[in-house]
Amino acid sequence: LSGRLGDIFDRLRKRGALSEADVGAALREVRVALLEADVALPVVKDFIDKARERAVGHEVLRSVTPGQQVIKIVHDCLIEMLGGTPGEMPDINAPTPINLIAVPPVPVLMVGLQGSGKTTTTGKLALRLKDRDNRKVLMASLDTRRPAAQEQLKILGEQIGVTTLPIVPGQEPLAIARRALERGRLEGFDVVLLDTAGRLAIDEELMAEVVAIRDATKPTETLLVADAMTGQDAVNVARTFHERVGVTGIVLTRVDGDSRGGAALSMRAVTGQPIKLIGTGEKMDALELFHPDRIANRILGMGDVVSLVERASQTIEKEDAEKLAAKIQKGEFDLEDLASQLRQMRKMGGLQGLMGMLPGVGKIKDQMKTAGLDDKMIKRQEAIISSMTPVERRNPKIIHAKRKIRIAAGSGSTVQDVNKLLKQHQQMADMMKRMKKLGKAGMMRGMPK
Ligand code: GDP
Ligand code: MG
């Protein structure tokens, strides 16, 4: 796959905005990647349309190809669709993302097909809630279909030190659920995890049973437990459970296997509900928070391209900042430079970031602050400068009264604001000139207070 992609990138080597042709070529490859990752076909189609809309016309960074740029855009899109924010990692110390805001005992319902990992996940979740979130958890198996299903949960409970509801032979699922809640109330449990029965495929009887249990227990969470290996069927399973029962979250199991995780995208797209946790093994501690970024990489299988584009964008920001720093040190500093400095400041998280690149500028920083050049002024000042003509920006001296009125009107500010900006620029330019004269060594001692 990466070979084919490479060819396309080579053919597309040019700069500027992404054309429809650039985007189309790269998205054909993305489509193949998504299908190979087992994302369901209708979800692939929707996703490609969204990505196309976002990519066409998008600027291409220097030193990457249009195709690579498209992949990065697709990757960000994918993270967002999976419920994440590009560039942000979830906090591993955050509480387990399960809604427990209700009068205890809070019922949590586990649903899904047979063999999807419901019982295992019930145990894993109980352990996590007990150890990490300090909750007193009761587990109950409502699976009266499969022989020994209730025993299985009981054994897990003994393993992890979590109470399970005693088994009463012959009792129906609904009666077990009611007994579990009653017991939870009487014995002061915080959470009651209800592990339901599954079927090999979706059927009416299963749905009716789950709906009845839901109505009787009114859970705060109904978690759809689904195997990450579920391919084209994922849409069907997710849609049916969501339409019939109302899913509040998804737990994807067997993410430790070979699957590329396409089911995550399919299920999220169909239900609109978050993927809350992932199962990564058979052991009881193999339950993790969902990282949209990791699954996005896995689904797309082009993580190397993504990090290439990320590196390129960092390099460019750094280059621009260094160029400006060099200019400042040469004592050349016009309004064009001020504007690009303001832009940089915004990108780099304010004043501190940029000035940090200049040697010995602590005092200038203070001066800029006293001069009122703080971060909330940045936007207005950018607006004023962008209302000037290029000639004005290069030669601020020619900006007399009439020009000031025009600039103020153009930027929605006042002549006083324009004057203030010009004065600040003059002060900064003077400072830069002094810096040049003093040289690096003298600068530290010689700066005016
Ligand atoms: P249920 O029928 O939905 O209750 O499914 P089970 O919880 O009984 O799980 C079925 C099988 O899948 C068991 O052998 C589990 O050990 C296994 N399993 C469950 N979750 C995971 C997982 O995250 N990774 C792996 N590798 N196996 C899992
Ligand atoms: Mg089970």
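Checking residue 257 against (1) within 16 Å of ligand 1 (Cβ to nearest atom); (2) touching a His at 6+ places or on another chain (Cβ under 8 Å): exactly one of these is not met. Which one?
Only one criterion is unmet by residue 257, namely (2).
With the structure loaded, tell me whether residue 195 is among the charged types (D, E, K, R), touching a residue at least 60 places away in the same chain (Cβ under 8 Å) and closer than 17 Å to residue 109 by Cα or whether it fails that test.
Spelling it out, residue 195 is indeed among the charged types (D, E, K, R), touching a residue at least 60 places away in the same chain (Cβ under 8 Å) and closer than 17 Å to residue 109 by Cα.
Is segment 249-271 home to any residue that is in contact with a Gly (Cβ under 6 Å, 6 or more places away or on another chain), within 16 Å of ligand 2 (Cβ to nearest atom) and hydrophobic (A, V, I, L, M, F, W, C)?
Just the residues of segment 249-271 that are in contact with a Gly (Cβ under 6 Å, 6 or more places away or on another chain), to begin with: 253, 256.
Next, only the ones that are within 16 Å of ligand 2 (Cβ to nearest atom) stay: 253.
Narrowing the set further to residues that are hydrophobic (A, V, I, L, M, F, W, C) leaves none.
No, because not a single residue in segment 249-271 is in contact with a Gly (Cβ under 6 Å, 6 or more places away or on another chain), within 16 Å of ligand 2 (Cβ to nearest atom) and hydrophobic (A, V, I, L, M, F, W, C).
I'd like to verify a number: residues in segment 172-208 that are away from ligand 2 (no atom under 14 Å from the Cβ) and buried (at least 16 other Cβ atoms within 10 Å of the Cβ), how many? Working first, answer last.
Kept after step one, since they are away from ligand 2 (no atom under 14 Å from the Cβ), are these residues of segment 172-208: 172, 174-175, 177-192, 201-205, 207-208.
Applying the additional criterion that residues be buried (at least 16 other Cβ atoms within 10 Å of the Cβ) yields 177, 180-181, 183-184, 189-192, 202, 207.
Of the residues in segment 172-208, 11 are away from ligand 2 (no atom under 14 Å from the Cβ) and buried (at least 16 other Cβ atoms within 10 Å of the Cβ).
Tally the residues that are touching a residue at least 60 places away in the same chain (Cβ under 8 Å) and under 14 Å from residue 113 (Cβ atoms), restricting the search to segment 234-250. Can you show your working first?
Taking segment 234-250 and keeping what is touching a residue at least 60 places away in the same chain (Cβ under 8 Å), we get 234-235, 237, 241, 245, 247-249.
Keeping just the survivors that are under 14 Å from residue 113 (Cβ atoms) gives 234-235, 237, 241, 245, 247.
Selection size over segment 234-250: 6.
From the list 371, 339, 383, 325, which one is more than 23 Å from residue 415 (Cβ to Cβ) and either at pLDDT 60 or above or of a type in the set (A, V, I, L, M) (or both)?
Exactly one of 371, 339, 383, 325 is more than 23 Å from residue 415 (Cβ to Cβ) and either at pLDDT 60 or above or of a type in the set (A, V, I, L, M) (or both), namely 325.
Name the pairs: first residue in segment 322-344 and over 15 Å from residue 426 (Cα atoms), second residue not in a helix (DSSP H, G or I), Cβ to Cβ under 6 Å, at least 6 apart or on different chains?
325/357; 325/358
Do you know which residues across segment 157-183 are part of a helix (DSSP H, G or I) and farther than 20 Å from residue 282 by Cβ?
Result: 173, 174, 175, 176, 177, 178, 179, 180, 181, 182, 183.
Pick from 94, 126: which is touching a strand residue (DSSP E or B) at 6+ places or on another chain (Cβ under 9 Å), hydrophobic (A, V, I, L, M, F, W, C) and either farther than 16 Å from residue 165 by Cβ or not in a helix (DSSP H, G or I) (or both)? Working first, answer last.
Values: 126 fails: either farther than 16 Å from residue 165 by Cβ or not in a helix (DSSP H, G or I) (or both).
After ruling out the rest, the residue left standing is 94.
Scan segment 127-138 and give yes if some residue there is of a type outside the set (Val, Ile, Thr), within 16 Å of ligand 1 (Cβ to nearest atom) and under 24 Å from residue 207 (Cα atoms), otherwise no.
Pass one, segment 127-138, residues of a type outside the set (Val, Ile, Thr): 127-136, 138.
Those still in the list that are within 16 Å of ligand 1 (Cβ to nearest atom) too: 127-128.
Next cut, under 24 Å from residue 207 (Cα atoms) only: none.
Looking through segment 127-138, none of the residues is of a type outside the set (Val, Ile, Thr), within 16 Å of ligand 1 (Cβ to nearest atom) and under 24 Å from residue 207 (Cα atoms).
If we keep just the residues of segment 318-334 that are part of a helix (DSSP H, G or I) and among the hydrophobic types (A, V, I, L, M, F, W, C), which is surrounded by the most Cβ atoms within 10 Å (Cβ to Cβ)?
Checking each candidate, the answer is 328.
Step by step: first the residues of segment 130-156, then only those that are touching a residue at least 40 places away in the same chain (Cβ under 8 Å) and in a loop (DSSP other than H, G, I, E, B), then the one that is nearest to residue 101 (Cα to Cα). Which residue is that?
The initial filter retains those residues of segment 130-156 that are touching a residue at least 40 places away in the same chain (Cβ under 8 Å), namely 135-146, 149, 153, 156.
Applying the additional criterion that residues be in a loop (DSSP other than H, G, I, E, B) yields 135-136, 142-146.
Numbers: 135: 12, 136: 14, 142: 23, 143: 26, 144: 29, 145: 31, 146: 32 Å.
Top of the filtered list is 135.
Determine whether segment 91-110 contains at least one residue that is buried (at least 16 other Cβ atoms within 10 Å of the Cβ), of a type in the set (Val, Ile, Thr), within 13 Å of ligand 2 (Cβ to nearest atom) and more than 28 Å from the chain's Cα centre (by Cα).
Within segment 91-110 (the criterion being buried (at least 16 other Cβ atoms within 10 Å of the Cβ), of a type in the set (Val, Ile, Thr), within 13 Å of ligand 2 (Cβ to nearest atom) and more than 28 Å from the chain's Cα centre (by Cα)), the answer is no, since none of the residues qualifies.
Kindly evaluate residue 118 against the criterion of being surrounded by fewer than 18 Cβ atoms within 10 Å (Cβ to Cβ), modelled with pLDDT of 95 or more and touching an Asp or Glu at 6+ places or on another chain (Cβ under 9 Å). Write out each step before concluding.
Numbers: surrounded by fewer than 18 Cβ atoms within 10 Å (Cβ to Cβ): no; modelled with pLDDT of 95 or more: yes; touching an Asp or Glu at 6+ places or on another chain (Cβ under 9 Å): yes.
Taking the combined requirement at face value, the residue does not satisfy it.
The values are calculated or read from the model by the stated rules, or taken from the named source; none is laboratory data. Keep in mind the model is a prediction, meaning the values are calculated, not measured. A quick note on method: Cβ atoms are made from the backbone with ideal geometry, for glycine too, and the neighbour counts reach across all protein chains shown.
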